[in-house]
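These notes are about the structure you will find just below.
The values are calculated or read from the model by the stated rules, or taken from the named source; none is laboratory data. What you see is a predicted model; the values in this text were computed from it and never measured. Note that each Cβ is placed from the backbone with ideal geometry, even for glycine, and that neighbours are counted across all protein chains shown.
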Amino acid sequence: MEHILTWLIFLPLIGMVAVLIAPSSMARGIAWMTTFITFLVSCTMFGPFLPGGAAWTGDGYGKAMQFVHQTPWIHVGNFHINWHVGLDGLSFPLIILTTLITWLSAWASWNFDHWTNNKGAKGFFALFLLLETGVLGTFASLDFFLFYIFWEVMLLPMYFLIGVWGGPRKEYAAIKFFLYTLAGSVLMLVALIAMYFASGTAMGDPGNSTFNIIDYAINAKIHDYFNDTTTKFLGWTFGRAMFVMLFIGFMIKVPLFPTHTWLPDAHVEAPTPISMILAGVLLKLGAYGFLRVCYPIFPEAGKWAAYAVATLGVINIVYGAFCCLAQTDFKRLVAYSSISHMGYVVLGTAIMTDVGFQGAMFQILAHGVSSPMCFFLVGVIYDRAHHRDLNRFGGLWLAMPKYGSLATLGFFASLGLPALCGFIGEIWVLLGTFNAGFPWAKPMAVIAAFGAILTAAYILWMIQRVYLGKKQEQYADFPDVTARETAILIPMAALAIFMGVLPKYTFDLMNGTLSDIIKVIQGS
Amino acid sequence: MQYQTALALGVVVPLASFFFLALFGPRLGKPKSSYVALLAIGISCALSTYVLVNWLKLSTPERTELTASAYRFDWGTLGSMPLTVGVKLDSLTVIMYFMVTFIAFWIHFFSIGYMEGHSDEVDHVSKYHRFFTYLSLFCFSMLGLVVSSSLLFLFIFWELVGLCSYLLIGFYFDRKYASNAAIKAFITNRVGDFGFILGMALVALYLNTLDLDLAAARFAEQFHKSAEGPAVGIFANSYTLFGFSVASLMGIGLFCGAMGKSAQFPLHVWLPDAMAGPTPVSALIHAATMVAAGVYLVARIFRLLTPEAQFFIACIGCITLTITALIAIVQTDIKKVLAYSTLSQLGYMIFGMGMGAWVAALFHLMTHAFFKAMLFLGSGQVIEGCHHEQDMRKMGGLRKKMPVTCWTFFIGVLAIAGFGLPGVEIGHVKLGLGGFFSKDEILAVAYERAFNIPELKKTDAAADDAGEHADASNANMGVASPFRLASDNQPAQHAETEHSEHDAHAHGDHAQGTPQKMAIAAKLPAIPKWMFFFPIAIAYITPFYMMRCWWMTFCGKPRDHHVYDHAHESWKMFLPLVILAGGTFFSSYQMFRPLIHDAAVIATDSSTVVAIDGEAHVLAEAGGGTMIMLNHAPGKNPHDWLKMGVGFSWLIGMGFAVLVYLRGLGLADKLKRMFGPIHTALEQKLYFDHVYDAVLVGGTVTFGFVCGLFDKIVVDGIVNMTALLGKFVGVFTGRQLDMPVKRGDWGIVDAIANGLAQTMLDIGSEIRRPQSGRIRMYVMITAGSAAVALLVVLNYHRLADGLQWLMSNVGTRVLAANGS
């Protein structure tokens, strides 16, 4: 399989066609099978990323891309858009995460027919698969234009998935999601085009303009030109202007305060599997954008903006946690906890050290495992109780003992309990921030560490309200988790433990690339 | 078998039991699942006994050799700093490990009896297996904590024991107060861990490792370099907080973790509430092992402490031991009395650690673990026997109904009261229970610090003056520069001779130790006298409230016949009591202390810190240069003073309690009325809970609520306003400016030019009500948009020209306008 990565990206699309052709009753089966096969295919790609594999050459950033498929796509005049995909230690773990979480979400959609809003199974699963293609393509793209296209491809299915199959306020949530993301992409588009032409200028020949994301970072001419503070764009320093535009585009996706309010609404209205994907995968795209685009290409601007970015990260951590304390809707609480947790990612990124990047990347993956688990746990109870009011629950651990235990595990992973995945990312980011060279870094780390107390507070309070207490009559006869639900929870639970106990194996996948990126940043 | 392998295996076995019970526990049910847990901890206990027995046979150099050669695994890297994990193999580990497994084994045994009745039921559902599942997890975490060679792993297990504590306090989670207590325990600990993390961050930053030994070595190295030349590493940082240098803050930060776990003031509030858990849990976790982990942590990081940090630790310990003992006097719940006495004893340990009484504090930890576990199990027997009655005012006279419990409990009371006959020796065996010696030794060191060491300072003043210039050069080490070792600033040999002279002089009238250690001791900050007298006063109060507890429960006349009639005891529960009572006898001076002393030789071996040995003659045998020993000059020997001062405090305190309670509660009630306001204040636990609930919890929740509102109203408000504005602009441009859509619209420009706006508007109004049936249309719209995008792309050169024009013209104009 020479172009296995390309195939991987389009596999869900093939499934989508199959869903559209086949009868409606088969839609969920096809979707399950497609996502499962996609997951298996992505698993076969582990080889080069294991220690000693081909991705470990140590030649520098972008030199050891794996499964690269580069071919001209749209070449008109000076305009070169390539089909250019490839994986390194930064994108590969995210690809695996995407295929896994999407598969589990497809499984979580298995009871589609029993949803209150279950019109058009075909449409749902077709869009679901299209979404996976969009996400995989975004993670794999090495051509900025391609990246942008996939970014947009992802936007539309998500809009419909929330807007059509969502809850009572689905229109509001969907439009909010759409407009927010669109606003971000517009800025990204401007930056994209400006960077394209600027790269031509840097190379001294418009014919050599490029959309290659890696070249932006490692081509000395382009990199120097981009990071030269005398390079101007509309009067602003070019690198900083680009950084800000891209950053805003990505921060909406993370989401960072103050552009975060679409997330709780989207989550509350979205059906469970869509919430899983949204929290587990889509939020990661923003953070991935920082690590792939913003920082390696514009390190000068990164340093310039570090204080602001770190502040936003810390606000996310603390403000998100405080907001959690005020929530009465179970799903809204988990959504705000996502906001809080993603703050660690941003803080780790902002400090631009190897520990910070490692922590940020680990937190991305850890949150990618724990938050879908939490959302699914909420979904399990929503399917039975048909409401999510925290104050009306209680005693569920007695009514559903297995579910209670799994829920405790999931929420403790989210709480950042040592030996579970959430802890590693947090502690790496905290230690990294504390030890970063910036004068403001230590106070930031102290405030962020304070956030950990709040995290414990809102999660334990939630557990008390939902799972502890006396058995309540209206929930007493709830069936415990079914085999299907257990099967969905177990992989995430196992991963949460594995990543927490032996983080080395997760770090091994990405540390090489991250240190390459750090070298690029320090080199400038 | 290698010792480290044996210890590691002993850690893993309870983990295996945990997983087994978590998966198959519900099927095994009652009582089989308890056997699994008992077997697991039994294996650990056997392994630890094996290690202990063999360890005792080794000589000190052999032990040092084993400690140094213990294996380390690579667990990960923090940036470029390797993180290793392994078994910290030294005497301290061996003895702590033995203590934990031994006590845990017997508490497992006790639990089987305790859980036989209805104690395993949560809202009338048996959670029997779950109890033992948690116990196994706890044993794993606690043993892991004990063997950890790295601060990070210590922290990981630290949090895991916290989790077990949370789960077990909230075992009866159908009761609101139990789940509240569980949350309180976890969050209070998190507050402490907040400091722990920051301390760890400082260790990582300045010492570039999280390995305990390596960190200590680098700390000492940086200190000496700083003393000789320009300050380096952590000493180069002149930042201070509340007068503490960064080096001190590192130790204090780590100690914050201990404040949480060992429930030290001001984080002591969770421990009394933690009594909501089943009584065996209170015995195991909240008396013998987990809460002592804080003391263990301080023992482990002892070499990273500066004198200021030590002083801070001693203060906290002193405050804790005083206020909690006072509160214990008025408690009427039998478990609460024990909880507060645990707090007070933990305060003693922490106080001792802060004073430098490393050996004494750990010795007290060991003896306390045995007698307090026994006391708690005794109270468990009483509570279970009395139909879950915990109020001592309803007990009384139980002596006849539960004799074994009564007398083992009495042994515990004697032990905690510090029973002993000072100065009386039979052969080489000093007469007294472990608690007597350990407390005596802590107080002896406190005496030394409060009275003898300041004198040492005075006589060393001359040497100080000589080293004044060196002190000045040290000023850049920070305001609160911890170790101003005047003589160490001189070339080493010079210091040696100078101190030898001093030493010769010192032998007569001073504490003893190597010159280097004496130099450190001479620079220790003087402790205020109250820090010596408070613990002395509490040494009289402890016997009082413990005797009060015993008397109210077991003696006098039965006060509640329902309780009395129901009372019974069972062998399953009193066998562990008898065993632990035996342990209380043997965990004494002769058995544990030499081993702990031996542990100190390695664990306090650092050239920056000094431990004070409270017992002189042992030092001479061990010959370890890591500690200084007490001043034994006539009239200066703390032990002489203490013999008279507190030697018989147990008798006086206990006697007073008997006097008060001899004739029932009448006299006590009178006293209560006499001291009305004080009694109320103590009964309300000095209002800590009230203040914390109102200020901290209330403040946090309120602020959270405000944040939630802010998010909803302000942030979302702005978003919605923007959307509304956008909509308005859209309608305005689409309808009013461009073309009339309906009556009332103006329509200024023709429809050809406004296609885009109109389309946008249409899409806008369409997508407001998306429905699955219209998917096809949306797909078409999407395709159309894609086509438009493609058109744009194909006409790239125009776009490019436009942009280039923008960049060249507008850019320069803006620049010119800015005048830059």
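Applying the condition of being surrounded by 22 or more Cβ atoms within 10 Å (Cβ to Cβ) and more than 25 Å from the chain's Cα centre (by Cα) to segment A:1-29 and asking which residue is farthest from A:Val85 (Cα to Cα) yields A:Ala27. Across segment B:64-76, which residue is surrounded by the most Cβ atoms within 10 Å (Cβ to Cβ) among those that are in contact with a helix residue (DSSP H, G or I) (Cβ under 7 Å, 6 or more places away or on another chain) and assigned to a strand (DSSP E or B)? Ranking the qualifying residues of segment B:64-76, first place goes to B:Gly76.
Being at pLDDT 85 or above, within 27 Å of the chain's Cα centre (by Cα) and surrounded by fewer than 18 Cβ atoms within 10 Å (Cβ to Cβ) narrows it down to one residue among A:Ile213, A:Ile248; which is it? Spell out how you get there, then give the answer.
Values: A:Ile213 fails: surrounded by fewer than 18 Cβ atoms within 10 Å (Cβ to Cβ).
Checking each option against the conditions leaves just A:Ile248.
Condition first: out of contact with any Lys or Arg (no Cβ under 9 Å at 6 or more places or on another chain), surrounded by 14 or more Cβ atoms within 10 Å (Cβ to Cβ) and away from every other protein chain (no Cβ under 14 Å). Can you find one or more residues in segment B:702-715 that meet it? So far as segment B:702-715 goes, no, none of its residues is out of contact with any Lys or Arg (no Cβ under 9 Å at 6 or more places or on another chain), surrounded by 14 or more Cβ atoms within 10 Å (Cβ to Cβ) and away from every other protein chain (no Cβ under 14 Å).
Exactly one residue out of A:Gly134, A:Gly166, A:Gly123 is of a type outside the set (A, V, I, L, M, F, W, C) and away from chain B (no Cβ under 12 Å): that is A:Gly134.
When segment B:393-406 is limited to residues that are surrounded by fewer than 24 Cβ atoms within 10 Å (Cβ to Cβ) and more than 22 Å from B:Gly434 (Cβ to Cβ), the one that is nearest to the chain's Cα centre (by Cα) turns out to be B:Arg393.
Taking segment B:60-102 as the search range and keeping residues that are of a type in the set (A, V, I, L, M) and over 27 Å from B:Phe592 (Cα atoms), which one is farthest from the chain's Cα centre (by Cα)?
Here is the first cut: in segment B:60-102, the residues of a type in the set (A, V, I, L, M) are B:66, B:68, B:70, B:78, B:81, B:83, B:85, B:87, B:89, B:92, B:94-96, B:99-100.
Within this subset, residues satisfying the condition of being over 27 Å from B:Phe592 (Cα atoms) are B:78, B:81, B:83, B:85.
Numbers: B:Leu78: 24, B:Met81: 26, B:Leu83: 22, B:Val85: 21 Å.
The qualifying residue farthest from the chain's Cα centre (by Cα) is B:Met81.
Among the residues making up segment B:106-133, those that are under 30 Å from B:Ala6 (Cα atoms) and either touching a Gly at 6+ places or on another chain (Cβ under 6 Å) or of a type in the set (Gly, Ala, Ser) (or both) are B:Ser111, B:Gly113, B:His129, B:Thr133. Is it the case that some residue within segment B:104-122 is surrounded by fewer than 24 Cβ atoms within 10 Å (Cβ to Cβ), among the polar types (S, T, N, Q) and not in a strand (DSSP E or B)? Yes, segment B:104-122 contains at least one residue that is surrounded by fewer than 24 Cβ atoms within 10 Å (Cβ to Cβ), among the polar types (S, T, N, Q) and not in a strand (DSSP E or B).
If you check A:Asn391, A:Asn435, which single one turns out to be buried (at least 23 other Cβ atoms within 10 Å of the Cβ), modelled with pLDDT under 90, farther than 19 Å from A:Tyr319 by Cα and not hydrophobic (A, V, I, L, M, F, W, C)?
Values: A:Asn391 fails: buried (at least 23 other Cβ atoms within 10 Å of the Cβ).
Going through A:Asn391, A:Asn435 in turn, just one is buried (at least 23 other Cβ atoms within 10 Å of the Cβ), modelled with pLDDT under 90, farther than 19 Å from A:Tyr319 by Cα and not hydrophobic (A, V, I, L, M, F, W, C): A:Asn435.
Looking at segment A:470-480, is at least one residue at pLDDT below 90 and among the aliphatic types (A, V, I, L, M)? Checking segment A:470-480: at least one residue is at pLDDT below 90 and among the aliphatic types (A, V, I, L, M).
Checking each residue in segment B:673-697 for being surrounded by 12 or more Cβ atoms within 10 Å (Cβ to Cβ) and either within 11 Å of chain A (Cβ to nearest Cβ) or within 20 Å of A:Cys324 (Cα to Cα) (or both) picks out B:Asp693, B:Leu696, B:Val697.
If only residues of segment A:64-115 that are within 14 Å of chain B (Cβ to nearest Cβ) and polar (S, T, N, Q) are counted, the one that is surrounded by the most Cβ atoms within 10 Å (Cβ to Cβ) is A:Asn82.
Of all the numbered requirements in (1) within 14 Å of chain B (Cβ to nearest Cβ); (2) assigned to a loop (DSSP other than H, G, I, E, B), A:Val355 misses one, and that requirement is (2). When the residues of segment A:42-58 are narrowed to those that are aliphatic (A, V, I, L, M) and in a helix (DSSP H, G or I), which ends up nearest to A:Pro503 (Cα to Cα)? Top of the filtered list is A:Ala55.
Among helices (runs of 4 or more DSSP H) lying entirely in segment A:428-514, which contain 3 or more residues that are out of contact with any Lys or Arg (no Cβ under 9 Å at 6 or more places or on another chain) and either more than 21 Å from A:Leu415 (Cα to Cα) or more than 10 Å from chain B (Cβ to nearest Cβ) (or both)? Reasoning before the result, please.
Numbers: elements: A:441-466, A:473-476, A:483-501.
The helices (runs of 4 or more DSSP H) meeting that bar are A:441-466, A:483-501.
Being within 14 Å of chain B (Cβ to nearest Cβ), in contact (Cβ under 8 Å) with a residue 12 or more places away in the chain and surrounded by fewer than 20 Cβ atoms within 10 Å (Cβ to Cβ), is that true of even one residue in segment A:46-54? Looking for residues that are within 14 Å of chain B (Cβ to nearest Cβ), in contact (Cβ under 8 Å) with a residue 12 or more places away in the chain and surrounded by fewer than 20 Cβ atoms within 10 Å (Cβ to Cβ), one finds at least one in segment A:46-54, hence yes.
Within segment B:80-89, count every residue that is surrounded by fewer than 22 Cβ atoms within 10 Å (Cβ to Cβ) and either away from chain A (no Cβ under 14 Å) or among the small types (Gly, Ala, Ser) (or both). Residues meeting the conditions: 2.
Answer with yes or no whether B:Gly773 is assigned to a helix (DSSP H, G or I), within 14 Å of chain A (Cβ to nearest Cβ) and modelled with pLDDT of 65 or more.
On the way: assigned to a helix (DSSP H, G or I): yes; within 14 Å of chain A (Cβ to nearest Cβ): yes; modelled with pLDDT of 65 or more: no.
Answer is no for this residue.
Suppose we filter A:Ile463, A:Ile459, A:Ile447 for residues that are under 25 Å from the mean Cα position of the chain (by Cα), in contact (Cβ under 8 Å) with a residue 12 or more places away in the chain and crowded, with 23+ Cβ neighbours inside 10 Å; which single one remains?
On the way: A:Ile463 fails: under 25 Å from the mean Cα position of the chain (by Cα); A:Ile447 fails: crowded, with 23+ Cβ neighbours inside 10 Å.
Exactly one of A:Ile463, A:Ile459, A:Ile447 is under 25 Å from the mean Cα position of the chain (by Cα), in contact (Cβ under 8 Å) with a residue 12 or more places away in the chain and crowded, with 23+ Cβ neighbours inside 10 Å, namely A:Ile459.
Selection over segment B:145-190 of residues that are part of a helix (DSSP H, G or I) and either out of contact with any Phe, Trp or Tyr (no Cβ under 9 Å at 6 or more places or on another chain) or closer than 24 Å to B:Leu207 by Cα (or both) gives a count of 16.
Here's the yes/no breakdown for (1) within 26 Å of A:Asp516 (Cβ to Cβ); (2) touching a strand residue (DSSP E or B) at 6+ places or on another chain (Cβ under 6 Å); (3) not hydroxyl-bearing (Ser, Thr, Tyr):
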residue	(1), (2), (3)
A:His3	yes, yes, yes
A:Leu11	no, no, yes
A:Val17	no, no, yes
A:Met26	no, no, yes
A:Ile37	no, no, yes
A:Met45	yes, no, yes
A:Gly52	yes, no, yes
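Could you check segment B:214-238 and list, in sequence order, the residues that are surrounded by fewer than 21 Cβ atoms within 10 Å (Cβ to Cβ) and touching a Lys or Arg at 6+ places or on another chain (Cβ under 9 Å)?
From segment B:214-238, those surrounded by fewer than 21 Cβ atoms within 10 Å (Cβ to Cβ) are B:214, B:217-218, B:220-222, B:224-225, B:228-230, B:232-233, B:236-238; that's our starting set.
If the condition is that a residue be surrounded by fewer than 21 Cβ atoms within 10 Å (Cβ to Cβ) and touching a Lys or Arg at 6+ places or on another chain (Cβ under 9 Å), then B:Ala217, B:Ala220, B:Val232, B:Gly233 are the ones that fit.
Starting from residues that are of a type in the set (S, T, N, Q) and surrounded by fewer than 24 Cβ atoms within 10 Å (Cβ to Cβ), keep the ones in segment B:149-187 and report whichever is farthest from B:Leu254 (Cα to Cα).
At the first step, the residues of segment B:149-187 found to be of a type in the set (S, T, N, Q) are B:149-150, B:165, B:179-180.
With the extra rule that they be surrounded by fewer than 24 Cβ atoms within 10 Å (Cβ to Cβ), the set shrinks to B:150, B:180.
Numbers: B:Ser150: 13, B:Asn180: 27 Å.
Among them, the one singled out is B:Asn180.
Quick check, is B:Thr93 over 30 Å from A:Gln472 (Cβ atoms) and surrounded by fewer than 24 Cβ atoms within 10 Å (Cβ to Cβ)? Here the answer is no, as B:Thr93 does not meet what is asked.
Considering the conditions (1) more than 26 Å from A:Ser141 (Cβ to Cβ); (2) touching a strand residue (DSSP E or B) at 6+ places or on another chain (Cβ under 8 Å); (3) away from every other protein chain (no Cβ under 14 Å), A:Thr328 is excluded by exactly one of them, (3). For segment A:81-91, does any single residue satisfy the condition of being in contact (Cβ under 8 Å) with a residue 12 or more places away in the chain, of a type outside the set (Gly, Ala, Ser) and in a helix (DSSP H, G or I)? No; the residues of segment A:81-91 include none that is in contact (Cβ under 8 Å) with a residue 12 or more places away in the chain, of a type outside the set (Gly, Ala, Ser) and in a helix (DSSP H, G or I).
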